[in-house]
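Chemist: Here it is, the structure in full.
Bear in mind that the values in this text are calculations on the coordinates, not laboratory data. Just so you know, these numbers come straight off a predicted model, no measurement behind them. Using ideal geometry, Cβ is built from the backbone for each residue, glycine included, and neighbour counts are taken over all protein chains shown.
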Amino acid sequence: MHSMNVRLFRLFGIPVEINLSWLLILALMTWTFATGFYPDVLPDAGRTELWMLGFATAILLFVSILLHEFSHSLVAARNGLPIRKITLFLFGGVAQMERDVDNPTVELKMAAAGPLMSVALAALFFALSKIFAGQRFAHVLMHNLAYVNMLVLVFNMVPGFPLDGGRILRAAIWRRTGNIQKATRIASRIGNAFAIVLMIYGVVNLFGGVVIGGLWLVFIGFFLKQAAQSGYLLVTFRQTLGHLRVSDVMRSPVVTVDAAESLRRLVDEYVLRHHYASFPVIDGGKLAGMVSLKDVKRVDMARWNEARVGEVADREIVKYALRPEYPAETLVGLMMKKGYGRLPVTDDEGAVVGIVSRRDLMETIKMMAYLEE
Ligand SMILES: [Zn+2]
């Protein structure tokens, strides 16, 4: 998904990106409004006018959602939580924070800021619809936008995580119990249940002949269900890994390859024998990089006898070598964001003492989460 983001502009110093999926949504929304809504309200309008109104609605809704997202971010920034960027995708947005919220009161303020902005926008568009009372198209457009912003508000206030209402509920439970994991679990379950109800209602609509409305409901429900699950997983990750160190997750001893070995021997003696896709490379007793099947594949098979492991290894990774005493949480960032599947662990002298794989990490998280339930 990362490569599908396009940087638009900066606002208050925060970069705003759109996910390319948003273009599809923009087209879908324009179409929905132009064919499913405005023809009923303005029966005598021409095709071009209907499509222009539909497009204007979709764009102004985009701006409304951006402002909603921004109000969350500004409150976050004010409370010392810098925002790295805002990505708009599907029908919503995600503000990426440098750090996680560590206090329920701040979370409460942050979560409430968005809905308050939506209320303000609804009021503004309603006022504009009164001002443009004499111009039929502008009046209908503004009136519709007031209505749509109210819908955004109502939808976001459903008390299921990760919607704003769910965040408010989570913050409230968190403040009472002091247990963020439990609070997140309850709020995510409600979010999940709400998502399922939306999807079922959407399917009922589909079969009842309300195709566009039904599809939207199924679509939003599906997105929400995923968000509820991943939001919960992320908190579980942080919570369970909180007490662990890299040494708790790593595997040792490790099979390492000398930089002077040939690629032929690497394939025959290491890959085929140990069934790993990558190995730490050692040069003079110290970690010199990682070598993977991908690196081997770049070299012509005819050269495998002469080519040395040291020539093809990824040496960048030495920078990210872990220490046994590091908190296990650092792994999540490196493995999930940078996409490393296996990372070497070294001691003070640079000798390899262990290795962490994504699978081991996931398994540890699963076991710890199971024990804590
Ligand atoms: Zn929001």
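Chemist: By how many nm would the segment from VAL63 to ALA351 grow when fully extended, if each residue of separation counts as 0.36 nm and the alpha-carbon distance is taken off? Spell out each step's value before the answer.
Modeler: On the way: separation 288, 0.36 × 288 = 103.68 nm, distance 5.35 nm.
Between VAL63 and ALA351, full extension yields an extra 98.3 nm.
Chemist: Could you check the simple spin-label distance between GLU329 and ASP360, using points 7 Å along Cα→Cβ, in nm with one decimal?
Modeler: For GLU329 paired with ASP360, the spin-label model returns 2.2 nm.
Chemist: Give the relative contact order (percent, whole number) for segment 116-192; include only Cα pairs under 8 Å separated by 6+ residues. Display every interim value, and only then the final one.
Modeler: Values: 99 pairs, mean separation 17.9, N = 77.
After rounding, I find 23 percent.
Chemist: Got the relative contact order for the chain handy, in percent, Cα pairs under 8 Å and 6 or more residues apart?
Modeler: Values: 578 pairs, mean separation 36.9, N = 373.
This gives 10 percent for the chain.
Chemist: Between TRP304 and ALA172, what is the label-to-label distance in nm when each label sits 7 Å out along the Cα-to-Cβ direction?
Modeler: Between TRP304 and ALA172, the label points sit 6.4 nm apart.
Chemist: For GLU17, enumerate residues with amide H under 5 Å from its amide H, sequence gap 5+ or separate chain, H modeled in the peptide plane.
Modeler: Residues meeting the criterion, in which the H sits 1.01 Å from N, are LEU8, ILE86, THR87, LEU88.
Chemist: What is the log10 of I(q)/I(0) for segment 185-305, computed with the Debye formula using one identical point scatterer on each Cα and no solvent, at q = 0.13, 0.14, 0.21 Å⁻¹?
Modeler: With no solvent term, the Cα-only Debye profile gives -0.72, -0.74, -1.09.
Chemist: Right, something else. How large is ³J(HN,Hα), in whole Hz, for each residue of segment 148-154 in order, when computed from phi with the Karplus curve 6.51 cos²θ - 1.76 cosθ + 1.60 and θ = phi - 60°, using x for Gly and Pro?
Modeler: 5, 5, 5, 4, 4, 4, 4
Chemist: What is the extension gain from HIS275 to SER230, computed as 0.36 nm multiplied by their sequence separation minus the C-alpha to C-alpha distance, in nm to one decimal? It would help to have the intermediate numbers written out before the result.
Modeler: Details: separation 45, 0.36 × 45 = 16.20 nm, distance 3.07 nm.
Full-extension gain reported as 13.1 nm.
Chemist: Only helical DSSP H runs with n ≥ 4 go in: add -39500 (n - 2.57) per run for the chain, normalise by residue count and round the 222 nm mean residue ellipticity to 500 deg cm²/dmol.
Modeler: On the way: 13 runs with 203 residues, N = 373.
So the calculated ellipticity at 222 nm is -18000 deg cm²/dmol.
Chemist: Quick one: of LYS182/LYS225; LYS225/LYS366; LYS85/LYS319; LYS286/LYS319, which pairs are farther than 23 Å apart, Cα to Cα? The partial results should precede the final answer.
Modeler: Details: LYS182/LYS225 18 Å; LYS225/LYS366 20 Å; LYS85/LYS319 26 Å; LYS286/LYS319 13 Å.
Distance filter (> 23 Å) returns LYS85/LYS319.
Chemist: Right, something else. To the nearest 0.05, what FRET efficiency results for LEU8 and PHE223 with a Förster distance of 25 Å applied to their C-beta separation?
Modeler: Numbers: r = 21 Å, r/R0 = 0.85.
Efficiency, from the Cβ-Cβ distance: 0.70.
Chemist: With label points built 7 Å along Cα→Cβ from the Cα atoms of PHE137 and LYS297, find their separation and express it in nm.
Modeler: Once both label points are built, they end up 5.4 nm from each other.
Chemist: Quick check: the distance between the Cα centres of segment 120-145 and segment 1-78, to the nearest angstrom?
Modeler: Cα centres, segment 120-145 to segment 1-78: 17 Å.
Chemist: Looking at the calculated P(r) for the chain, what percent of the C-alpha pair distances fall above 40 Å?
Modeler: Cα-Cα pairs in the chain separated by more than 40 Å: 33 percent.
Chemist: Might you report the magnitude of the Cβ-based charge dipole of the chain about its Cα centre, with Lys and Arg at +1 and Asp and Glu at -1, to the nearest 20 debye?
Modeler: On the way: 39 positive and 31 negative charges, 116 e Å.
Computed about the Cα centre, the dipole is about 560 debye.
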